[in-house]
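The values are calculated or read from the model by the stated rules, or taken from the named source; none is laboratory data. Here the structure is a predicted model, which means the values were calculated and not measured. Note that each Cβ is placed from the backbone with ideal geometry, even for glycine, and that neighbours are counted across all protein chains shown.
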């Protein structure tokens, strides 16, 4: 079983790569989705986060208010570091647990671990190969503003906590640039898929 790490900055187009691999039968482990499950209402992790960042990050229904958490941490490097120190160990443990379960099943030749902070969070050792997804900076900002309703400043704050694309590329086995549209991206992904299966 081969484990492919899929990473890239916010708005780079990781979703496009993820859907491509999912459609071809790869198992997808999405770090953001796993984080949401671990931070669900009533979870120990959410209680820890509320103790550190304030009760206002918890909605009246007990669920995490992701926007309030973002307001509490982005723009404050110490708060970002604290959030990462609390959240990354359980997320990493759950990803490893799911990789082990898939390996035991023996029916999944390729597993994609999709994680925006794959390289920053020390997840590199969990994967065999790394695909870094990139795009023009202004295009990334435009995409995230349209998708999440954020201001340019808010998008730039999120970008600031991620490794620069040049450093991600240095650690990549493959690079996918989504600036040229979905057709060009799909062509490159086909080539990567063939190499993964060779």
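Residue-wise test of (1) without any contact (Cβ under 8 Å) to a residue 60 or more places away in the chain; (2) within 15 Å of the chain's Cα centre (by Cα); (3) surrounded by fewer than 18 Cβ atoms within 10 Å (Cβ to Cβ).
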| position | (1), (2), (3) |
| --- | --- |
| 19 | yes, yes, yes |
| 33 | yes, yes, yes |
| 36 | yes, yes, yes |
| 39 | yes, no, no |
| 42 | yes, no, yes |
| 46 | yes, no, no |
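Residue 111 versus (1) in a helix (DSSP H, G or I); (2) surrounded by 18 or more Cβ atoms within 10 Å (Cβ to Cβ): which is the lone unmet condition?
(1)
Does the range 132-139 contain at least one residue that is closer than 25 Å to residue 96 by Cα, surrounded by 15 or more Cβ atoms within 10 Å (Cβ to Cβ) and touching a helix residue (DSSP H, G or I) at 6+ places or on another chain (Cβ under 7 Å)?
Start the filter on the range 132-139 by keeping residues that are closer than 25 Å to residue 96 by Cα, which leaves 132-133.
Okay, now just the ones that are also surrounded by 15 or more Cβ atoms within 10 Å (Cβ to Cβ), so 132-133.
With the extra rule that they be touching a helix residue (DSSP H, G or I) at 6+ places or on another chain (Cβ under 7 Å), the set shrinks to 132-133.
Yes, the range 132-139 contains a residue that is closer than 25 Å to residue 96 by Cα, surrounded by 15 or more Cβ atoms within 10 Å (Cβ to Cβ) and touching a helix residue (DSSP H, G or I) at 6+ places or on another chain (Cβ under 7 Å).
How about the range 96-112: which of its residues are touching a residue at least 40 places away in the same chain (Cβ under 8 Å) and more than 14 Å from residue 128 (Cβ to Cβ)? Lay out the reasoning, then the answer.
First, the residues of the range 96-112 that are touching a residue at least 40 places away in the same chain (Cβ under 8 Å): 98-99, 102-103, 106, 108-112.
Answer for the range 96-112, where residues must be touching a residue at least 40 places away in the same chain (Cβ under 8 Å) and more than 14 Å from residue 128 (Cβ to Cβ): 98, 106.
Just to be sure before I move on: is residue 4 within 30 Å of residue 188 (Cα to Cα), surrounded by 15 or more Cβ atoms within 10 Å (Cβ to Cβ) and over 19 Å from the mean Cα position of the chain (by Cα) in the structure I sent? Explain how you work it out, then say what you get.
Working: within 30 Å of residue 188 (Cα to Cα): yes; surrounded by 15 or more Cβ atoms within 10 Å (Cβ to Cβ): yes; over 19 Å from the mean Cα position of the chain (by Cα): no.
For residue 4, the condition - within 30 Å of residue 188 (Cα to Cα), surrounded by 15 or more Cβ atoms within 10 Å (Cβ to Cβ) and over 19 Å from the mean Cα position of the chain (by Cα) - is not met.
Suppose we keep only residues that are under 22 Å from residue 197 (Cβ atoms) and touching a strand residue (DSSP E or B) at 6+ places or on another chain (Cβ under 9 Å) within the range 88-104. Which one would you say is surrounded by the most Cβ atoms within 10 Å (Cβ to Cβ)?
99
List the residue pairs whose Cβ atoms are under 8 Å apart, where the first residue sits in the range 142-171 and is exposed (fewer than 13 other Cβ atoms within 10 Å of the Cβ), the second is assigned to a helix (DSSP H, G or I), and the two are 6 or more positions apart or on different chains.
Here the result reads 151/145; 152/141; 152/145, each pair linking the range 142-171 to a residue that is assigned to a helix (DSSP H, G or I).
Going by what's in this entry, would residue 175 be described as without any contact (Cβ under 8 Å) to a residue 60 or more places away in the chain, touching a strand residue (DSSP E or B) at 6+ places or on another chain (Cβ under 8 Å) and over 30 Å from residue 46 (Cβ atoms)? Explain how you work it out, then say what you get.
Values: without any contact (Cβ under 8 Å) to a residue 60 or more places away in the chain: yes; touching a strand residue (DSSP E or B) at 6+ places or on another chain (Cβ under 8 Å): yes; over 30 Å from residue 46 (Cβ atoms): yes.
For residue 175, the condition - without any contact (Cβ under 8 Å) to a residue 60 or more places away in the chain, touching a strand residue (DSSP E or B) at 6+ places or on another chain (Cβ under 8 Å) and over 30 Å from residue 46 (Cβ atoms) - is met.
Select from the range 114-131 the residues that are in contact with a strand residue (DSSP E or B) (Cβ under 8 Å, 6 or more places away or on another chain) and in a loop (DSSP other than H, G, I, E, B) and write down the one among them that is surrounded by the most Cβ atoms within 10 Å (Cβ to Cβ).
Filtering first and then ranking leaves 115.
All but one of (1) at pLDDT below 95; (2) loosely packed, with under 15 Cβ neighbours inside 10 Å; (3) touching a helix residue (DSSP H, G or I) at 6+ places or on another chain (Cβ under 9 Å) hold for residue 9; which doesn't?
Unmet for residue 9, out of (1) at pLDDT below 95; (2) loosely packed, with under 15 Cβ neighbours inside 10 Å; (3) touching a helix residue (DSSP H, G or I) at 6+ places or on another chain (Cβ under 9 Å): (2).
What is the residue count in the range 155-171 for residues that are touching a helix residue (DSSP H, G or I) at 6+ places or on another chain (Cβ under 9 Å) and either modelled with pLDDT of 90 or more or closer than 25 Å to residue 189 by Cα (or both)? Break it down into steps so the answer makes sense when it comes.
As a first pass, look at the range 155-171 and keep what is touching a helix residue (DSSP H, G or I) at 6+ places or on another chain (Cβ under 9 Å): 155-162, 165, 171.
Next, only the ones that are either modelled with pLDDT of 90 or more or closer than 25 Å to residue 189 by Cα (or both) stay: 155-156, 159, 162, 165, 171.
Matching residues across the range 155-171 total 6.
Criterion first (at negative phi and touching a strand residue (DSSP E or B) at 6+ places or on another chain (Cβ under 6 Å)) does residue 28 satisfy it?
Numbers: at negative phi: yes; touching a strand residue (DSSP E or B) at 6+ places or on another chain (Cβ under 6 Å): yes.
It is true that residue 28 is at negative phi and touching a strand residue (DSSP E or B) at 6+ places or on another chain (Cβ under 6 Å).
Show me the helices (runs of 4 or more DSSP H) found entirely inside the range 1-91 where at least 2 residues are within 30 Å of residue 137 (Cα to Cα). Even if it seems obvious, please write down each step before you answer.
Numbers: elements: 14-23, 31-38, 44-53, 66-73.
Because the criterion is at least 2 residues that are within 30 Å of residue 137 (Cα to Cα), the helices (runs of 4 or more DSSP H) in the range 1-91 that meet it are 14-23, 31-38, 66-73.
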